[in-house]
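Novice: Take a look at this one; I'll ask things after.
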Amino acid sequence: MRPALAARHVWTASLAAATSVFGVRTSAAQTTATVDVGVSTVRYDGFLPSAAGSLTPALTWERPDAVVTARGTYLRFESGRRSLQGLIAASLFTPPNLLAHRWRGELSLSAGGSNYADFASFWHSTGEARLHYLGAGRGAWIGGTGGRTSYGSAPRPVAVAGVGVWARRAQLTLAASATRSFVGDTAYSDVGATIHASRGRFEVDGSLAARLSSHGAGHGVYGEASTTFTLGERTALLISGGRYPTDPVSGSVAGRYLSAGLRLRTPLPRPRAIRDPPLPSRSPASGDGGGSSDVTARLEVKPAPDGAVRLVVYAPAAATVELAGDFTDWQPVGLQPTSDGAWESVQRIPGGVHRVNVRIDGGRWTAPAGTTRTTDEFGGEVGIVAVP
Amino acid sequence: MTPNCTRAALSLLVAMVVAGRATAQQADARLERLDAATRPTVAALLDSARTAILPTEPLVQRALEGATKRASGDAIVTAVRRLAADLGHARDALGSTASPAELTAGAAALRAGASQATLAQLRHARREPLTVPLAVLADLVASGVPVDSATAAVLGLAARARDADLVEFRRAVERDIALGAPPAAATAAAVTAADVWVNAGARQQRPGPP
């Protein structure tokens, strides 16, 4: 985003400026559980293609500086054979003030195992340390991994060194990395790039990598793509496919695949401000009119060309729409109808945090959608807009 | 200094004070919208705030909000008094150089549950104005993000992020929450793209090979 645009960029933000959120102190960590159910067609290198059904439960405990994930996969192939995989991984980031400006450290642990048809078993346990440089919208890291892995024999040492860079712009993130790995007497290098993009309910991931200088881990170019489409609060569709290399650490065999599945997840905690019960239709915050006070209006705050701010209220069924806020000295301002049920007014609003209410057809003052509504101190509710 | 000069200086000082008070009273003319019983109490609160070198405009606006919403005089006075206290606490944490916009945002953050220590840490961590970081902090809490998580996220970003980055961060959190992510997790994921893309694997949730 260009600075000039950023300076004019107006955004809506909801503030807990009233007592409804005062004292909300839940645990800093949150836990998410998901189950992926899917079908795949997979062709491991050197084997015939096979269809498989999969069940993948996962549990994630997360807070801003730490995350722990436990994940398992049950695969059943069309031959009737089955595969079990399990992984637990944790990352811990250093506090922001521990290292120098813009630097963060990360310590990660990973342990897992897999078993195929009762005759092939892997396990691994590794630890990794990374040093991150975090710039504005870009960064880099350097790290090293050590650990052990085993394939039905004596454990083999694992050592990996890697560097990476990333950049993010709006909803697009690009990353590139290079690693050199040693697993027992196997050695190989991977260089690759990933892309992540999100728009609305869609998330798309892609990767392209090459394995070079390999002794015992194969060569080649690999690529994968996946998309996640969120259906609702608890469900999402998953589609993925591509070709991936052998991973001597976790024991996965190179192959190509195409998968489709459904992700189910646990219910989510509700924001307190949204959870507030609806206000009575008549309250001390009511206006004089008996209009359609329960009509839902949505407010958008947009930059105007001359540095002013365009306030757009979407209220298709309204006959009149008024707005009042601390930038109008709380004097009601009538909005002008435009098209598609929109009403608008252009105001000069200084940068900062502002409170605003909307009134439809002379009804009660309400906090419009598009902001996190919160109670005011007068028995009603208020929305907040912040103008940088 | 001669007696004449002293008298002239005192006269000038008195004139400036009177003019200043007159200007303040003139600005407070908007309080005519309050009822006669409430107006003097609010005016006294404004005077107290002025004496304490706190911004009075947010207090005036809070009173006008109550008037527009036809709140009782007691409710208006309580709201103005509470905001004045919050502004004072914000100033204590942010320092005497804090702008009115920063104090207003700081008061909202404190009301949301942030601590004065957090505000002080933000002041130390960021040279640029704190209005947007404070607004984001309060907004995250209002969106359901635990106070501790929101504080850690904003503190982590404050030193290096521009206002536009913070806005984008807030949007990312809002979008992820809307799409189903737990608020704390959404904050963790958005606090830096690095967390999503360069962590050592614990946050990998995208679909992969069977």
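Laboratory data are not the source of any read-out in this text; all were calculated from the coordinates shown. None of the values given here were measured: they were computed from a predicted structure. Cβ: placed from backbone, ideal geometry, glycine included. Neighbour counts: every protein chain shown.
Novice: What is the magnitude of the charge dipole of region B:33-97 about its Cα centre, with +1 placed on the Cβ of each Lys and Arg, -1 on the Cβ of each Asp and Glu, and no other charges, expressed in debye to the nearest 20? Could the numbers behind the result be given before it?
Specialist: Values: 9 positive and 7 negative charges, 30 e Å.
So the magnitude is around 140 debye.
Novice: Something else: With 10 angstrom as the radius, rank A:Val387, B:Val141 by how many other C-beta atoms surround their C-beta, starting from the fewest. Before the final figure, lay out each step's value.
Specialist: On the way: A:Val387 24, B:Val141 32.
Taking fewest neighbouring Cβ atoms as first place, the list is A:Val387, B:Val141.
Novice: Using +1 at the Cβ of each Lys and Arg and -1 at the Cβ of each Asp and Glu in region B:33-97, identify which of B:Gly95, B:Thr68, B:Thr41 lies farthest towards the dipole's positive end.
Specialist: B:Thr68
Novice: Can you sort A:Phe47, A:Phe93 so the residue with the fewest Cβ neighbours within 10 Å comes first?
Specialist: Values: A:Phe47 10, A:Phe93 26.
In increasing order of surrounding Cβ atoms, one gets A:Phe47, A:Phe93.
Novice: Another one. Would you kindly state how much longer the chain becomes between A:Ser153 and A:Arg76 on full extension, computed as 0.36 nm times their sequence separation minus their alpha carbon distance, in nm to one decimal?
Specialist: Values: separation 77, 0.36 × 77 = 27.72 nm, distance 2.55 nm.
Length difference between fully extended and current span is 25.2 nm.
Novice: Take the Cβ-Cβ distance between B:Glu57 and A:Ile239 as r, set R0 to 60 Å, and report the resulting FRET efficiency rounded to the nearest 0.05. Provide the component values of the computation, followed by the final result.
Specialist: On the way: r = 54 Å, r/R0 = 0.90.
Using R0 = 60 Å, I get an efficiency of 0.65.
Novice: Okay, next question. Within 14 Å, Cβ to Cβ, of A:Glu344, how many net charges do the neighbouring residues add up to if Lys/Arg are +1 and Asp/Glu are -1? Before the final figure, lay out each step's value.
Specialist: Numbers: positive: A:Arg298, A:Lys302, A:Arg310; negative: A:Glu300, A:Glu322, A:Asp340.
It works out to a net charge of 0.
Novice: Taking the Cβ of each residue in A:Asp247, A:Asp190, B:Asp139 as the centre, tally the other Cβ atoms inside 10 Å and list the residues starting with the fewest. Intermediate results must be reported in sequence, preceding the final value.
Specialist: Numbers: A:Asp247 18, A:Asp190 21, B:Asp139 31.
The fewest-first ordering by Cβ neighbours comes to A:Asp247, A:Asp190, B:Asp139.
Novice: By how many nm would the segment from A:Trp61 to A:Asn115 lengthen if fully extended, with 0.36 nm per residue of separation less the alpha-carbon distance?
Specialist: Values: separation 54, 0.36 × 54 = 19.44 nm, distance 2.56 nm.
So the chain would gain 16.9 nm between A:Trp61 and A:Asn115.
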